Structure formats: structure tokens, C-alpha cells
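Notes to accompany the following structure.
Read-outs: derived from the displayed coordinates by stated rules, not from any lab. Predicted, not measured: the structure shown is a model, and the values here were computed from it. Reconstructed Cβ throughout: ideal geometry from the backbone, glycine too, with neighbour counts over all protein chains shown.
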Amino acid sequence: MTDKKFIKTLRRGLGSAIIEIKESTDKTKYRDMILHCCLHDITYDWQVEGTKGYYLYTAICELGSKDKAEFESLIIDKFLSRCNDTLFYQLAEILEHYAYDGSERAKEAFRKKYDYFLTKNGRLSKRPMFDDGMQWDETAYQLFIIGGFPEFKRYLIDVGKILSKRSDNRHFFDEWLIVRAEDLFGKKRIQKFLDKNYEKFNEIKTVVDIIKADKIADELRQEKKELVPITIDELLIAARKSALAKHPRYEFVGLGRKFGRYVTEADLVELSNRILAENDKTVKALLLLPFSFPFKNPRLFPKGIDPLIEYVQSDNELLSEIAVSCLEYFKDKRIHDFAIHLLQTKGINSLALGLLKENYKKSDDNIIYAALKKSTIVPHHVQMDVREIYLKNSSPKAFSTLLRVYENGDCAFCRYYIIKAMYHCKVLTDKLLQECRYDFYDDTREFAKQIIAKREKKQI
């Protein structure tokens, strides 16, 4: 494996990078590349996938005890500095595994980080990429694991003391940490402790009262949301306003989803009439959104596929993209033929693969692979579309396509389903299964373990 391929493979979290290190007779050549990845954010989407901390720790351990000790010092230094959220979580997970393996230096790093946040006395920043409150929560949770229940009690006292003085400064306290503590120590134990100490400690009383107040406020907000229907006229006004924003779709998507969830068939027909009559292409695109969401029962565009095919060819990218999403729910030979035409003339960036999710034919395998080969990268929408096509349809000729997406896609969540699609198509090789044992994504490792055990059982 070349250095360029190794670093790309390592950044994506593929198991083949770990195997490369394990089998190498000169592990030192990987040292700087692994260290660089440890000290820089290599996350794709940590909220869906988690971080690559465990994976990187595995790579570190393969280098040997000397490098492992040197890496720990450098990682601790970086962890104790100011980091953006995703890098912080990556570093924290690496140190978490050092701590699990008995490192007192890693444990002390979490204590120092906690004390740093505590000295801020609630004056913690909350802005994109830097949320000190969330980082404090993660640090506290690791101390719960390291020090047990006394650390949970200490955290409640510390936070309650700040909140009792500055009840308006709430962004540093997230009740989700209490839920995580319940998973760790048991819900009954947490509740018993809170009940017993509610009157005894004013700090604990403050925290409990805030949790109760927030729960009541959330229930009232939810009731209000459910009671207020959205009319088509209101939707149109909101679409015109959102169309002027820098990112129209993100401004409008919440309202569009809510309208689509509770809409009637008559409303859908009326909305489709408004869409056909609308001259502004961006507004037209936004009004199409309720027909594009993956609801349990999709809202098919009442006017059929002809207007949507026309919109797909629009010079307005948003209209073209959303029209494709609307067409994905229709099964029609014309859509299949249109998708193949787009793939052959405009390639994978035409979003045509999405149109094959309901209209795929086995004769499409070579065309799909040919379109993929023309691109040096595999965009996320391609990962999603390919996984759906081959999870629904089994083809023995799908291996080349699935392998290319597996190796070149950045999303590990999608990669997990690509592996499942390979299994569904009966093209998942033993070699790939061995790689998946070292993949950074937990579900991929677990799936590989199950299939390997299943295959070994058959051989007995």
C-alpha cells in the first residue's frame, strides 16, 4: 500500500489500514501518518458515526510500547489545549482507551480538563465548532467511569453551585449527561440518590428543579406545535421568505417536513397546483419538499412524473435536486430510461442513481459501474443510493460497484450498509470480512464477527 493510499484508508477508518500496520515489517514508516491523524480531526460525521478514537488507538498499539507512550504525551498536550468539538471528542476517545488500559496519565488528563472547565464558573462559550459545555459533559462522563459514583455526585454539586448563582447561564448544562449516568449507574440508583439528597443539598435541588422545569416546558412546546396546523398559504409565504436566504433549503426544511407529516390528500393536490403555477424556481423547489421526504407512506406528487422530469433538467440546482428526490418514489419505465440516460451523459453527479432505487434492472450493473469509474471520488449521495439499490435487489455482478463505494466513500454508516448489501448479493468475500473486523465503525465490526462465526460454523 502506498503512503497516499494508506493515509486515505486510515482517514476513512477502513480495517485494511490496521491490517497493513499489523503485517508490516517496518512499522515506523506509518508513525508520522498515524500521529498526524490522531492530532487532527479526521471525523466525517461524529454525531452519526462517532469518532475514530478507538480505531486510532488500535493503530497506535500496533506500533509498539515506545511509540504508544510517546503518542500519549502528545495527545494529552493537545487534549488539554483549546480544541474544536470534533477534535476534542476524538482525543477524548483515544485517551479513554489509554485509561481503560490502566494509564494514570490519561486519567489525570481528564481530571485536569474537568478542573479547567470548573474554574470558568459557568462562563463557557457556545458557538459553532466550540461548545465548552458539551466538552465538559464528556470529560465529566469519563470521570464517572474512572472514579465511579462519587464523581457523579461531585459533578452535580459543582454544576448546581454555578446554576444557583447564574440560573440564566444554562448552555453549559445538558440534561443528556444525567441520562448517560443512568445508563452507567442504573436509573433507580440515580433517582434514589436525587430523592434522598434533594433537601440535603441545595445544589442538587437546583439541578433537579431545572430538569423538572425543562421537561414541563418541552411538553408545552410540543403540544403547541401539534395544535397549530400549517396552511398552504402560510407554507407559500415561508417558501418565498426562505428563497431569499443564503441556504433556502435549510431555512425551510423544518416547516416543509411538518406540513408533509400532517397534510391531507386534498392539501397535496392543492399544493401541486400551486407548484405548477409558481414562476420562481427556488420557491417551486421548496414547495416540492413535502413530496421528497422519506415518510413511512411517501407523498407521491399528484400530477405524475412528467413535470418532475422537466424540473430535473432545470438550470436551478435546488429544483433539479428536489425533483429527483420526488421521482425516487415512483416506479415507471420512463424513469428508469431517464436515469440511465443521465448516468451515461452526466455521470453520478446527476443524482440519477437515486432514480434507480425503485426502477433498477440487473442489466444496469455495468452502466452503474462505468459511471462510478469515471469519478475519482464517491460522494455521500452515491453511497446512500448504491446501498439502497443493492439492499433491495440482489445481483452477483454488483461486487465491483459495491467494492468501489466501500473503498472510496467517506461515510462509515453507509459503508456498514454497503457491506450488508454485499452479503445480500452473496458477493461478500472472506478477505473483506477480515478487514471489517478492524473497521472503526462498531456495527461493521460486530456484523463481520457474526458472519465469520456463521461461516466457520458451517465448515464444522
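Derived scalar couplings between HN and Hα for the range 423-428 equal 5, 4, 7, 6, 10, 7 Hz in order, rounded to whole Hz, by the Karplus curve 6.51 cos²θ - 1.76 cosθ + 1.60 (θ = phi - 60°), x for Gly and Pro.
Taking Cα centre as origin and charging only the Cβ of basic (Lys, Arg, +1) and acidic (Asp, Glu, -1) residues, the dipole magnitude of the range 229-330 rounds to 380 debye.
Figure the gain on full extension for Val179 and Lys212 (residue separation times 0.36 nm, minus the Cα-Cα span) and round it to one decimal in nm.
Values: separation 33, 0.36 × 33 = 11.88 nm, distance 1.37 nm.
Using 0.36 nm per residue and subtracting the Cα-Cα distance, I get 10.5 nm.
Taking amide H as placed 1.01 Å from N in the peptide plane, the amide H of Asp131 sits under 5 Å from that of Asp85, each at least 5 places away or on another chain.
Between Ser81 and Arg154, the simple label model (points 7 Å from Cα in the Cβ direction) yields a spacing of 2.7 nm. Applying a DSSP loop filter and a limit of 15 other Cβ atoms within 10 Å to the trypsin sites (Lys or Arg not before Pro) in the range 64-145 leaves Arg82, Lys120, Arg123.
About its Cα centre, the dipole of the range 66-204 is roughly 540 debye, where the only charges are +1 on Lys and Arg Cβ and -1 on Asp and Glu Cβ. Using a Cα-Cα cut-off of under 25 Å, which lysines could be cross-linked to Lys303, ignoring same-chain neighbours fewer than 8 residues away? Within reach: Lys258, Lys281, Lys284, Lys331, Lys333, Lys357.
Tell me whether the chain comes out rounded, prolate or oblate; compute the Cα gyration tensor, take square roots of the eigenvalues as a ≥ b ≥ c, and use a/c under 1.5 as the rounded threshold.
Working: a/c = 2.21, a/b = 1.21, b/c = 1.83.
Because a/c hits 1.5 or more and a/b fails to exceed b/c, the chain counts as oblate.
Each of Trp136, Thr51, Tyr98 was scored by the projection of its Cα onto the charge dipole of the range 32-148, and the greatest displacement toward the positive side belongs to Trp136; charges sit on the C-beta of Lys, Arg, Asp and Glu.
Under the rule of -39500 (n - 2.57) per DSSP H run of 4 or more residues, summed and divided by the residues of the chain, what mean residue ellipticity at 222 nm is obtained, to the nearest 500 deg cm²/dmol? Before the final figure, lay out the partial values.
Details: 26 runs with 320 residues, N = 460.
Value at 222 nm, helices only: -21500 deg cm²/dmol.
Straight-line reach from Lys78: taking Cα to Cα under 18 Å and skipping same-chain neighbours fewer than 8 places apart, the aspartates and glutamates in range are Asp32, Asp41, Asp67, Glu70, Glu93, Glu96, Glu104, Glu108, Asp115, Asp131, Asp132, Glu138. Between the residues His380, Thr86, Pro396, the greatest Cα displacement towards the positive end of the dipole of the chain, with unit charges on the Cβ of Lys, Arg, Asp and Glu, is found for Pro396. So for the chain, taking the charge dipole from beta-carbon charges (+1 Lys/Arg, -1 Asp/Glu), which of Val263, Leu184, Phe291 sits furthest toward the positive end? Towards the positive end, the residue furthest out is Leu184.
The slack between Glu446 and Asp430, meaning 0.36 nm per residue of separation minus the straight C-alpha distance, is 4.3 nm. Charges were assigned to the Cβ only: +1 to each Lys and Arg, -1 to each Asp and Glu. The resulting dipole of the chain about its Cα centre is roughly 620 debye.
Note on Leu276 and Thr264: their simple-model spin labels are 2.1 nm apart, each label 7 Å out from Cα toward Cβ.
What ranking, highest mean first, results for peptides 448-457, 378-387, 296-305 when packing means the other Cβ atoms within 10 Å averaged over each residue?
The peptides rank, most packed first, as 378-387, 296-305, 448-457.
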